[in-house]
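**Student:** Take this structure, written in structure tokens, and hold onto it; I'll ask about it next.
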Amino acid sequence: KRIVVATGNAGKVREIEEALSDLNWQLDGMGALPMPEETGVTYEENAAMKACAAAITMGRTALADDSGLEVEALGGEPGVYSARYGNRPTDLDRNMYLLERLRGKANRRAKFVSVVILAYPDGHLESYRGEVPGVILEGPRGEGGFGYDPLFVPDGETRTLAEMSVAEKRAISHRGRALAALMEAHRGGEPE
Ligand code: ITT
């Protein structure tokens with residue numbers, strides 16, 4: 001009934017709290033808990049490392065998300081390296097870098113991927129994955145969301161993820177889908 005949300009990303013916290021609000025779980029932040037270095041080469045590895053580190057340190061069930069943007073014309077980059085793409089320090093710098101890398105490329109197709117892992121204190125893990133396909137614009141639109149949201153229009157939509165409310169983004173996004181699968185698995189149940 002109480003879980004630690006193991007992320008230092010305020011945008012993720014907002015989306016996770018909104019998505020899981022129907023579950024009867026108390027979601028706690030990490031406080032000053034340091035996050036492990038993300039040395040994995042898959043979302044699953046990195047999400048498991050973050051969730052396990054928090055579960056072990058806090059002695060409680062922990063939830064972590066590892067996610068990224070995979071751009072076709074860039075061979076799937078930045079993928080698991082999305083948070084530090086081009087060594088650029090801010091979301092804005094990384095968005096500009098992505099636009100530079102895509103300049104002149106006709107294929108603007110991309111997808112977001114999210115892997116959400118619940119780690120229990122006994123070492124048991126549950127893993128959920130969600131994806132959303134779409135296209136990268138030539139410039140940013142919208143003030144909401146975080147990361148690459150201002151550049152990304154999901155298939156079937158006209159607005160970027162940054163032009164949507166948290167609830168609208170949740171209904172179609174990679175993280176929303178992963179969290180919906182988690183909710184489905186826990187309907188009526190408790191995490192510990
Ligand atoms: P934590 O590890 O503390 O959770 P982080 O931001 O470092 O936070 P990741 O390592 O999973 O998280 O990196 C994911 C990056 O991918 C994130 O920083 C964004 O640049 C991008 N990203 C992931 N989900 C996104 C979303 O919903 N909208 C926009 N960009 C997203």
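**Student:** Within the chain, what is the number of lysine pairs with alpha carbons under 25 Å apart, leaving out pairs fewer than eight places apart on the same chain?
**Tutor:** Details: K1/K12; K1/K50; K12/K50; K12/K111; K12/K169; K50/K111; K50/K169; K111/K169.
Total qualifying Lys-Lys pairs in the chain comes to 8.
**Student:** Turning to a different aspect of this structure: Counting only helical runs of four or more DSSP H residues, what would the 222 nm mean residue ellipticity of the chain come to if each run contributes -39,500 (n - 2.57) and the total is spread over all its residues? Walk me through the numbers on the way to the answer.
**Tutor:** Working: 5 runs with 57 residues, N = 192.
Taking each H run of at least 4 residues, the total per residue is -9000 deg cm²/dmol.
**Student:** Pull out the extension gain between R103 and N87, defined as 0.36 nm times the separation in residues minus the alpha carbon to alpha carbon distance; nm, one decimal. All intermediate terms of the calculation are to be shown ahead of the outcome.
**Tutor:** Numbers: separation 16, 0.36 × 16 = 5.76 nm, distance 1.88 nm.
Between R103 and N87, full extension yields an extra 3.9 nm.
**Student:** If a paramagnetic tag sat 7 Å from the Cα of R187 along the Cα-Cβ line, which residues of the range 102-140 would have the backbone N under 19 Å from that point?
**Tutor:** 127-130
**Student:** Between E143 and A171, with labels modelled 7 Å along Cα→Cβ, what's the label distance in nm to one decimal, could you check?
**Tutor:** Computed distance between label sites E143 and A171 equals 2.3 nm.
**Student:** Mind ranking 7-17, 59-69, 179-189 by how tightly packed they are, going by the mean number of other C-beta atoms within 10 angstrom, highest first? Before the final figure, lay out each step's value.
**Tutor:** Working: 7-17: 17.4, 59-69: 23.9, 179-189: 13.5.
Output ranking for 7-17, 59-69, 179-189: 59-69, 7-17, 179-189.
**Student:** Right, next: Would you kindly state how much longer the chain becomes between A73 and M96 on full extension, computed as 0.36 nm times their sequence separation minus their alpha carbon distance, in nm to one decimal? Walk me through the numbers before you get to the answer.
**Tutor:** Numbers: separation 23, 0.36 × 23 = 8.28 nm, distance 1.62 nm.
Taking A73 through M96 to full extension adds about 6.7 nm, to one decimal.
**Student:** Another question, if that's okay. Suppose every Lys and Arg Cβ carries +1 and every Asp and Glu Cβ carries -1, with no other charges. What dipole size does the range 20-80 come out with about its Cα centre, to the nearest 20 debye?
**Tutor:** 380
**Student:** Using the Cα centre of the chain as the reference point, and only Cβ charges (+1 on K/R, -1 on D/E), how large is the resulting charge dipole? Debye, rounded to the nearest 20.
**Tutor:** Values: 23 positive and 30 negative charges, 69 e Å.
With only Lys, Arg, Asp and Glu charged at Cβ, the dipole is about 340 debye.
**Student:** Same structure, new question: Would you work out which of I56, N46, G68 lies farthest towards the positive end of the dipole of the chain? Charges go on Cβ: Lys and Arg +1, Asp and Glu -1.
**Tutor:** After comparing all options, I get G68.
**Student:** E157 to E45: extension gain in nm, 0.36 nm per residue of separation minus the Cα-Cα distance? All intermediate terms of the calculation are to be shown ahead of the outcome.
**Tutor:** On the way: separation 112, 0.36 × 112 = 40.32 nm, distance 3.13 nm.
Length difference between fully extended and current span is 37.2 nm.
Readers should treat all values here as calculations from the given coordinates under stated rules, not as data from a laboratory. Given the structure is predicted, the values throughout are model-derived calculations rather than measurements. Counting neighbours? That spans all protein chains shown, and the Cβs are built from the backbone with ideal geometry, glycine included.
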